Amino acid sequence: MQYLTQEKALSLFFDPTIPPQRATFTRMDEVEKSLEGLKLLANENNWKGVVHLTLILSETYKDDLEISLQIKLIQIIGLIKLELYSRAQDSLQKLGNLNSKQYFYETYPAKFPNRKGSFVPFTLRVLQAEFPYFQGDYDKALENLYTLHSNCIQEIGEIKKKIEDFGGKYPETITEINSPNSLYDQNFMIQNNFETKSNYSIEDIIELTINTVGNVDDLETAKESLSLLEKRSSMILFKIINIHIFQNDFELALNHLNNLYLKFPSDHFLSSTIGRIYLKLGDIESAKKAFEFVEKITGATSIFSKSNSGLVQIALGNYRQARDIFQEIYDNDPNNISALNNLALMHFYTCNLEKAIFTLETFIRKDPVQNLQKVIVNNLSGLYDLGCDNSEEKKKVLSLVYDSYKL
Amino acid sequence: MANTNTQSQVSKGKQPLVVEDVPLLTVKLMKFTKPDFYQEFPIVAEPTLIIGDVLPLSRPLIYQKKGEFPEGERGLGFSDVLNVPSPDEDIFLSETFNFYISIINHSNQFASKVSVKCDLKTPSQTYILIDTTNKPLDKLAPGKHHDYILQQEAKKAENHTITCVVFYSKSDGESKQVSSSISFEVKTPVDLKTTITTIKSLSSETILLEGQIRNKMKQPMFIENVIFEPSAYFKKENLNSSEITTKDNKKIMKDDGTFSGFILLNPGNERQYLFQINPTEKFAAKSRRIKDIGFLSVSWKTRFGNVAHLQTRQLLRDIPDNETIDVIVTKIPEKIYVDIPFQIECEIENLSPETMNLWFTIDKEKMKQVVISGISNFEIGTVQSQSSIKFNIDLFPLATGLQNISGIIFLDTETHRNFPINDLISIFVERKK
C-alpha cells in the first residue's frame, strides 16, 4: 500500500473539482494571546492550539489565582480532547488536593479580603472525579462520582434549610431542566463563601468538594443556588448512569433514572433514555411504555418520538419501516447526525450496502467540519470492511481525512 | 511482468504466456446480529468557565448548532445513535443471526450470469442457504455490488462454516468462480439444570420440578417466559408468580424474584423456577407408572429484542420398573408420631404372566429414618397372575418431618427375582405433645 499523506487522502476522498471546506484553524501566532484568543481556539476545536496557548497564558496570569486555575483546567480539558491521557493525568496530579489550603480564599487575605470558601471550579472537581475512566478504571470513577454526588445532596439539604429559614418554599419537582433562567447567566458567579461559624477554621472544612453556596443572604439567591445544585447533582448522576449503562448494569441505571423521573416528570430526555435502555436489554414492551411518555410530552410527530419509534422498529426486525422513519427525520432536518447515521445503518440492514456507504460518505463531504464525528467514521470503516475490495486503503484515507479536521 | 513479454512472444509466433488470472468479482461475507447503541464519555463544563460558552454543557453528540443541546448534554453519552454491529460478536444457540453476502465487481469489465450458492456446514448437517444458479443475474457492471442478506437460526451449538461460491462468466464467455467462507462457533447461551422430586401420598402424588437457569453469555438476558408443559397425564401449577393488585386495582400475576422483581439475568448469574405437578384426576392411578412428566421451555431476549428460546427434552423421573409387580399403600394412619410404631396396609399386584410366591424383606442400608418394627422377613403369600394380595407392614419412625419409606425388597421365590422399592410412600412424622 502506497504511503498516504493527508493531502493525498483529502484529494482521494473529496471531489477534486470542489475543494472541501477546510476547518479554519487559526494559527497560534494569528491569535491574540489572551483569554479571548483561548475562547476562539476552543470554539474551533483547535485543542492543540488551546494547550499551547494555556502554557503561555499561565505565565501571564500567574498572579491571578482564580484565572490561573481555570487556565490549568482548560489545559487538562485540551489534553483529554487530544487523548493525551497521561499528560492530562500529570497536570491533574500537579494540582494536588483540591481541598487543600492553597485553593481557599481565606489563605490570601490581602488579595481577597472578606471572601471565604474555595475557588476551585466545579467543572474541575467533576473532571478529577471522572478522570479514571479515561484510563479504563470505571470502578474508581464510579466511586469518585458517587462521593461527589452525595456531597452535592448534602449541600442541597443545607440550602433547603436556609430557604426554610428565610421563610420560603422550594419546589418539589422541577419542570424543566433547561429553563433559561438566570442560572446560566454569565454574570452570575456562584459566590464561594461558606457561612461563618464561630469557631471556624480551614481545617474544620472536611467535605468542601463543591463550590459551596454560602453568602446566601436572601431567599432569591438561596432559591437560585438550589436550582444550580439540583442541576449539578443531576449532571453527576447522568455521568454515573452513563458508566452503569456502559457496564451493562441496567438495573442500577434504571433505578437512578426512575428517581430522576420523579423529580423531573416532564423531561422527555429522561423517558427516551429509559426507553433506550429497555431496548438495549431486550424488553420491548417496557421500552414502548417509556416512549409513550415522550409522545405525551412532545407530541407524536416530534423528532424525538419519531426517532424512538424508529428504534422500536429495529427491535421488531422491521428494518424497512425503521429506514423510512429515519429518512423522514433526516429529510426534515438535514443536520440531524443521529438520524443520518441510523438511516445509513438501515440501508445496510435492508441489503443496500452501497447506499449505506454512499450515505455516510456524502454526509461527510457535505460539511466535513461539522459532520466528521467519531461515530460516523467508525461506522463507515465497518461498512468498508464488508463492502470494499480495498477496504484497508479506504479506511486509511478516511482516518487521515478525520485527522486533518481535528487538530 | 507477464504483459511485456506476451507482446513480443506473440509477435514471434511463440505460445503466449498466461496472463495472471485476476478474478473480476470479490465476495465478502459477514455474520452479525442486531446493532448496539454508541456510547461516549463527554466532558461537561459549566458556563462559569472561561471557555464555558464555547463548551456549554458538553460537546453535543448529535447537534452541532450552538444553543441546541438535546442528547448528551448532561454528561450522558448515550443517545439514539447506533453502531454498525461487529462481525466478531458471539452467536448463541437458538438466536437468529443475519448474514450478508456482498458480491463486488472491482474490475473494469462486465461480469455476466452471476449466481451464488451458499451453504452452511456443521459437523452434523449441511443446509443450503441460498442457490440462485437457476436464476443467475444477467450482468454485474464494473464497480457495482450485488448483495444478499439472509437470516438464519443457529440450531446447534457447534462449529458453523458458511461457504459461498459465486459463479460468473467473463466477457469472453469463460466461466469462472470465486469463493469465500467464514467459520464460527455457536455457543451455548444457558445452562439448564432440572431436579425432580416426587412426594407420594396415599391417594396420589405430587411432583416438584426445580429448574435452574444460568446465563453463560457475556451479555445480560431478559427472560420472557419459563414455561413447563406437562405431558398427557399431568397438570401443572406455576409456583413462581403470585397475584398482586396493581395501582389501578387490577389483579395480575407477577413473577416473584427472589432478590428483585427484575427479570434480567446478568452474565454468570442463575435464576430458579419451581413447578408443582400433579396427576389429573382422570389418571390418578395410571400416572404413578409414568416416567415422562413433560418439558421445560425458556424464552428470552437479548439486545434490541433478539429472540431466543430453548426447550428441554422430555423430563423423566426416576421411578422403579413397574412391569412385573405394582405395590401401593392402601391404608395408613391419619397421624404418625415419632418413636411410636404404626402399621400400614399394602396391596401388591402380580402383573407378570406367572404365579409368584412373594416374600417381604428389607435392605438395612437403604432404610432411612423409618425402620421395620418387628419381623423384617416374612412370606406375603402366593399371588396368581393379574391378581393382588393385601398385607401389613409394621413400621417405626425415628425422626420427625417428611420421611420416605424405603429399603424394602420384594422377593419372588419362584423366579428368584427381587424388586427393590425405595420410595413406597412419603409420610409426615410429628411429635406427640
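The values are calculated or read from the model by the stated rules, or taken from the named source; none is laboratory data. Source: prediction; values computed, not measured. Note that we place each Cβ from the backbone using ideal geometry, even for glycine, and neighbour counts take in every protein chain shown.
Restrict the check to segment A:332-351 and report whether at least one residue is under 19 Å from residue A:397 (Cα atoms), out of contact with any helix residue (DSSP H, G or I) (no Cβ under 6 Å at 6 or more places or on another chain), at the interface with another protein chain (Cβ under 10 Å from one of its Cβ atoms) and surrounded by fewer than 22 Cβ atoms within 10 Å (Cβ to Cβ). No - not one qualifying residue is present in segment A:332-351. Residues considered: A:285, A:328, A:251, A:295. Of these, the only one that is in contact with a Lys or Arg (Cβ under 8 Å, 6 or more places away or on another chain), in a helix (DSSP H, G or I) and of a type in the set (D, E, K, R) is A:328. The residues of segment B:206-243 that are in a strand (DSSP E or B), within 14 Å of chain A (Cβ to nearest Cβ) and at pLDDT 85 or above, listed by number, are B:215, B:221, B:222, B:223. Looking at the structure I just gave you, is residue A:89 assigned to a helix (DSSP H, G or I), among the polar types (S, T, N, Q) and more than 14 Å from chain B (Cβ to nearest Cβ)? So residue A:89 fits the description; yes.
Taking segment B:70-185 as the region of interest, the strands (runs of 3 or more DSSP E) fully inside it that hold 1 or more residues being touching a His at 6+ places or on another chain (Cβ under 7 Å), among the hydrophobic types (A, V, I, L, M, F, W, C) and surrounded by 20 or more Cβ atoms within 10 Å (Cβ to Cβ) are B:96-105, B:111-121, B:137-140. Restricting attention to segment B:145-194, the residues that are within 14 Å of chain A (Cβ to nearest Cβ) and more than 21 Å from residue B:30 (Cβ to Cβ) total 1.
Among the residues of segment B:248-290, those that are at pLDDT 85 or above and of a type outside the set (S, T, N, Q) comprise B:265, B:267, B:268, B:270, B:271, B:273, B:274, B:275, B:277, B:279.
Selection of segment B:384-416 for residues being part of a strand (DSSP E or B), in contact with a Ser or Thr (Cβ under 7 Å, 6 or more places away or on another chain) and not polar (S, T, N, Q) yields B:390, B:394, B:395, B:396, B:402, B:409, B:411. Restricting attention to segment B:21-44, which residues are farther than 19 Å from residue B:81 by Cα and at the interface with another protein chain (Cβ under 9 Å from one of its Cβ atoms)? Scanning segment B:21-44 gives B:26, B:28, B:29, B:30, B:44. Candidates in segment A:366-407 are the residues that are more than 13 Å from chain B (Cβ to nearest Cβ) and hydrophobic (A, V, I, L, M, F, W, C); of these, the one that is nearest to residue A:43 (Cα to Cα) is A:407.
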